[in-house]
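The values are calculated or read from the model by the stated rules, or taken from the named source; none is laboratory data. This structure is a prediction, so every number in the text was calculated from the model and none was measured. Positions of Cβ are generated from backbone atoms using ideal geometry, with glycine treated the same way; all protein chains shown enter the neighbour counts. Note: accessible area is taken over every heavy atom of the protein model, side chains too, but ligands, DNA and RNA are not part of it. Shrake-Rupley method; radii C 1.70, N 1.55, O 1.52, S 1.80 Å.
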Amino acid sequence: MVVLAASIISKSGKALVSRQFVDMSRIRIEGYLAAFPKLVGTGKQHTYVETENVRYVYQPMESLYLLLVTNKQSNILEDLETLRLLSKLVPEYSYSLDEEGIGKSAFEILFAFDEVISLGHKENVTVAQVKQYCEMESHEEKLHKLVLQSKINETKDVMKRKASEIDKSKIEKNRGEKGGFLSLQSMGSGRIDTGFGSDTTISSNSGGFGSGAGFGLSTEVETFSSKPKGRPPSSASAPPKGLGMQLGKTQKTNQFLESLKAEGEVIVEDVRPSSGQSKAAALPPSDPVTLTVEEKLNVSLKQDGGIGNFDLQGTLSLQLLNQDDGFIQVQIETSGNPGILFKTHPNINKELFSGENILGLKDPNRPFPTGQAGDGVSLLKWRMQSADESLVPLSINCWPSVSGNETYVNLEYEAPSMFDLQNVVISIPLPALREAPRVQQIDGEWRYDSRKSILEWSIVLIDNSNRSGSMEFVIPAVDTSDLFPISVRFTSTSTFSNLKVVNVLPLRGGNPPKFSQRTLLSTENYQVV
């Protein structure tokens, strides 16, 4: 078997990636690849095409072709085995099977091709071995990176020297412009005999001629400089005021930037946020008191109906802005579901909670803590476990059926009226496919992740208008057990406990502080197995 070239081309014959394993000119291989789409017949099930000189062994991959060009004496069974191995490797290195994805990962794909085929002959390797070989360290690569890094460092040193030279020349130039005729002071007393019986005094403070000059001039020395109008005077000789210590920037760098600014250049400095700014980005709640009710679901549903596991865990958390607002008690009400077991924090007065549904500290002279990270301090926790299928907020039914070379999959969801669900995503695992599934009918939207081989069914909102929906798609014949487990995630603003904060009671009199309540139901692990 001799493989002349392994290529990935578009439907029109455009070569995206091509690796030649024998001595062959570019014009020749481009001619072979350009002629291939004309040889492929529509509606045929063959995976190879022969001409007088070569044989094309190919496999469609979505909108592309994975193609082997071999001589006619090669073993076609081995060619097909090589093609299958390459078709498994391409999705491992390309995030999408289109021109953009192949182009961005071209070199990784070529390296993988080289590990599979050597001098036109297939190597006895697996996908895992090829990935391991491609990820192994290379001494030549390390050496290349070291040389490259040394060149970068050398360039930085040259850049610093050049910046220093420019900085010095700018300073000297500014000194010459500002000094004007001050160099004449080195000649003696700093006075010039005008010949009119009076002296001209050059003052370094005022920068002008003295009043006894007899010329009647009071022009400042700075007007004699060649400084263009509209530009601020350079301050390269002294650092700007009010900046204080700056980390990571030398004084020379600051002087250089200031001189560039003086020349009218626009300098965009890299301003990194301080720790205070990063903390301010995560703003605390605006209300003095914020109470958060959060419930998380862990549900396991069976393929043939019924419930395998139903576990609900909830928390009530408190966040305070000011320590003065910590002297409070929180009055709540619940749905009274006997299946929900509540458990208070050890510092909470249990008798007060069991008798009046009021959450308060055992020691009323102690305030609730402030500044807690996350959602604050937990006051109350609860849990509910059940085998009642009517409590499930969203049930999924999957009906796969194999017909010939295809598998028809029908999915259906049903949601009871007790909850409105937001951002629902149903993820169906699929075996590795050459092309995306063919979706024939759907209530909502779908997306296929070819890298993870997962089909996602998305519904933005499930309310009274769409308590049930369905989806139907077709894939090649597979084992129906490969379609499980189906994962589900969603959120809701309604909870099973229906816990509500009725009032916040101040312990030291006065008006009760303003409070807000946040409620969230989310899935932690929700599957159909």
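Once the Cβ-Cβ distance between residue 10 and residue 333 is put in as r, and R0 is 60 Å, what FRET efficiency do you end up with, to the nearest 0.05? So, using R0 = 60 Å, E works out to roughly 0.40.
Residue-wise HN-Hα couplings along the range 114-124, as the Karplus relation 6.51 cos²θ - 1.76 cosθ + 1.60 with θ = phi - 60° gives them from phi, are 5, 6, 8, 10, 10, 6, x, 10, 6, 8, 7 Hz; Gly and Pro carry x. Projection of the Cα convex hull of the range 390-492, averaged over all directions and equal to a quarter of that hull's surface, yields 6.5 nm².
With the other protein chains left in place, how much accessible area per residue, in square angstrom, belongs to the range 390-492 at a 1.4 angstrom probe? Don't skip to the answer; put the middle values down first.
Numbers: 4980 Å² over 103 residues.
Solvent-accessible surface per residue comes out at 48 Å².
Could you tell me the calculated FRET efficiency between residue 25 and residue 71, based on Cβ-Cβ distance and R0 = 22 angstrom, to the nearest 0.05? Once rounded, the FRET efficiency stands at 0.85. For residue 439, the residues whose modelled amide H falls within less than 5 Å of its own, excluding neighbours fewer than 5 places apart on the same chain, are 474. Using θ = phi - 60° in the Karplus curve 6.51 cos²θ - 1.76 cosθ + 1.60, the 3J(HN,Hα) couplings for the range 20-30 round to 8, 10, 10, 5, 8, 6, 5, 4, 5, 5, 5 Hz; x is entered for Gly and Pro.
For the range 3-135, the alpha-carbon radius of gyration amounts to 0.97 times the rule-of-thumb value 2.2 N^0.38 Å expected for a compact globular protein.
At 0.36 nm per residue, and after removing the present C-alpha to C-alpha distance, how many nm does the segment from residue 2 to residue 315 gain when stretched out fully?
Numbers: separation 313, 0.36 × 313 = 112.68 nm, distance 6.66 nm.
Contour length minus Cα-Cα distance gives 106.0 nm.
Could you sort out which of 72/122; 14/72; 122/452; 350/381; 350/500; 302/452 sit more than 20 Å apart by Cα distance in this structure? Those over the limit are 14/72; 122/452; 302/452. Annotation: amide H of residue 359 within the under-5 Å range of 330, 331, 332, sequence separation 5 or more or interchain, hydrogens built in the peptide plane.
Within the shell defined by Cβ-Cβ distances under 15 Å, the residues around residue 308 carry a net charge of -3, with Lys and Arg each +1 and Asp and Glu each -1.
Can you tell me the FRET efficiency between residue 458 and residue 388 if r is taken as the Cβ-Cβ distance and R0 is 25 Å, rounded to the nearest 0.05? Before the final figure, lay out the partial values.
On the way: r = 28 Å, r/R0 = 1.13.
Efficiency, rounded to the nearest 0.05: 0.35.
Of all trypsin sites (Lys or Arg not before Pro) in the range 318-376, which ones are in loop regions per DSSP and have a Cβ with at most 13 other Cβ atoms within 10 Å?
Listed in order of number, the matching sites are 362.
Computed 3J(HN,Hα) for the range 492-498, one whole-Hz value per residue from the Karplus formula 6.51 cos²θ - 1.76 cosθ + 1.60 where θ = phi - 60°, is 7, 9, 10, 10, 6, 6, 6, glycine and proline marked x.
Under unit Cβ charges (Lys, Arg +1; Asp, Glu -1), what dipole magnitude, rounded to 20 debye, does the range 344-449 have relative to its Cα centre? Kindly include the intermediate steps, with their values, before the conclusion.
Numbers: 8 positive and 14 negative charges, 108 e Å.
For this selection, approximately 520 debye.
Peptides 293-303, 124-134, 50-60 ranked from most to least packed, by the mean per-residue count of other Cβ atoms within 10 Å: 293-303, 50-60, 124-134. In plain terms, the chain from residue 408 to residue 106 could stretch by 105.2 nm, reckoned as 0.36 nm per residue minus the Cα-Cα distance. Amide H contacts of residue 516: 289, 290, 291, each under 5 Å away and 5 or more positions distant or on a separate chain (H built 1.01 Å from N in the peptide plane; Pro and chain starts excluded).
Taking every protein chain into account, the accessible area of the range 3-135 amounts to 53 square angstrom per residue (probe 1.4 Å).
If I stretch the segment between residue 399 and residue 438 completely, what's the gain in nm (0.36 nm per residue apart, minus their alpha carbon distance), one decimal?
Numbers: separation 39, 0.36 × 39 = 14.04 nm, distance 1.61 nm.
Taking 0.36 nm per residue and subtracting the Cα distance, the gain is 12.4 nm.
Spacing of the modelled spin labels on residue 98 and residue 304, each 7 Å from Cα toward Cβ, amounts to 4.3 nm.
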